[in-house]
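A.B. asks: Have a look at the structure that comes next, please.
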Amino acid sequence: MKVNHPVRYRIVVLVAAAMSLVLPGTPKSLFAQGRARAAVPSKPAPHFADGTPNLGITPEQRGVWLPLDRSDLGRRSTLAPVETIPFQPWAKALYDDRQIHELEPHTRCHASGVARQFQTPYGVEFVQMPDLQRTYIFDIGGPHTFRVIYMDARPHPAKLDPSSYGHSVGHWEGDTLVVDSVGFSENFWIDRTGLPHTERLHTVERFTRTDFNTIKYEVLIDDPTVYTKPWSGGFNLRWTADVELFEYICQDNNTAPNLMTKDGQPLQLDRPTIP
């Protein structure tokens, strides 16, 4: 029997309506469900033989860490809602200005500490070396640098030359790596949106691998010159499998050479690129 187009259309609509009645618990969008990462349960967080949590790769899988939500790379990716951050008045004015004039040091090849280190398009890699009692965090993009966390219970030096990563000492509290850092320079932004700081900045970061695919990142910010009281924020990092460190040359086609530094001093260039 030949079925004309209007009849065929009504049959399809009736069948769809019947299926919705028979399956009332069906999710709104199976297509959306299929795209969701949460549809596949994550494996438990890995540990080394001595029980220490493994924040990096495993023998079975390599990968790197990126912000859980790619929108965390956007201009509104603060560690906490802006209205809850206890700015000093001058610091809030500076923060507001940075929303207009986005001359961020990281995009000019400066290393960036604290949360900004983890808000990059190419991610980071954790390398734990128990024999050296150190943990390294490697940046894949940007300045292509790395940060050292000393795990041997040493104190912070009495005198420090300020640097972008500061001086970091760490220890484990259960399955959480706790990192205390001081000695920061002012040559970077705390996060991608331009949170300011001074050399008085003191941070306490907490890294918890809650499952195989997630690291919960928390940070306490204490800088009395910039903020009226200490405050906390954070975000999650997601595991991106089958990705490795790769060569990245930040200086290629650099169009802001006056913002480059060498040995802590402004680098004067006769041309807009560095070999």
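Laboratory data are not the source of any read-out in this text; all were calculated from the coordinates shown. Everything numeric here is computed off the predicted structure, so don't read it as measured data. Ideal geometry is used to build each Cβ from the backbone, glycine not excepted, and the neighbour counts take in all protein chains shown.
A.B. asks: With a cut-off of at most 16 other beta carbons within 10 Å, and DSSP calling the residue loop, which GluC sites (Glu not before Pro) in region 77-181 qualify? Please list them.
C.D. replies: For GluC sites (Glu not before Pro) across region 77-181 that sit outside H, G, I, E and B with at most 16 neighbouring Cβ atoms in 10 Å, the list reads E102.
A.B. asks: Still on this structure, I have one more. Check cross-link reach from K92 to the aspartates and glutamates: straight Cα distance under 20 Å, and skip same-chain residues fewer than eight apart.
C.D. replies: The reachable aspartates and glutamates, counting only those whose Cα sits under 20 Å from K92, are E83, E102, E104, E186, D191, E199, D222, D223.
A.B. asks: Around H47, with a cut-off of 10 angstrom between Cβ atoms, what is the net charge of the other residues, counting Lys and Arg +1 and Asp and Glu -1?
C.D. replies: Overall, the nearby charge balance is -1.
A.B. asks: List the trypsin sites (Lys or Arg not before Pro) within region 121-182 that fall in a DSSP loop (any state other than H, G, I, E or B) and whose Cβ has at most 12 other Cβ atoms within 10 Å.
C.D. replies: In loop regions of region 121-182 (DSSP not H, G, I, E or B), the sparsely surrounded trypsin sites (Lys or Arg not before Pro) are K159.
A.B. asks: Sticking to Cα atoms, compute the Rg of region 203-255 to one decimal and its Dmax as the biggest Cα-Cα distance, whole number, in Å.
C.D. replies: Considering region 203-255 through its Cα atoms, Rg and Dmax are 16.7, 44 Å.
A.B. asks: Then there is this: If packing is taken as the average number of other Cβ atoms within 10 Å across a peptide's residues, how do 225-237, 86-98 rank, most packed first?
C.D. replies: Per-residue Cβ counts within 10 Å, averaged per peptide and sorted highest first, yield 225-237, 86-98.
A.B. asks: By a straight-distance test (C-alpha under 13 Å), which aspartates and glutamates pair with K43 as possible cross-link partners, with residues fewer than eight away in the same chain excluded?
C.D. replies: Result set, ordered by chain and number: E60, D211.
A.B. asks: So what is the relative contact order of region 63-261, in percent, for Cα pairs below 8 Å that sit 6 or more residues apart?
C.D. replies: 27
A.B. asks: Okay, moving on. Going by a ≥ b ≥ c, the root eigenvalues of the Cα gyration tensor, does region 63-261 fall in the rounded group (a/c under 1.5), the prolate group (a/b larger than b/c) or the oblate group?
C.D. replies: Since a/c stays below 1.5, the shape of region 63-261 is classed as rounded.
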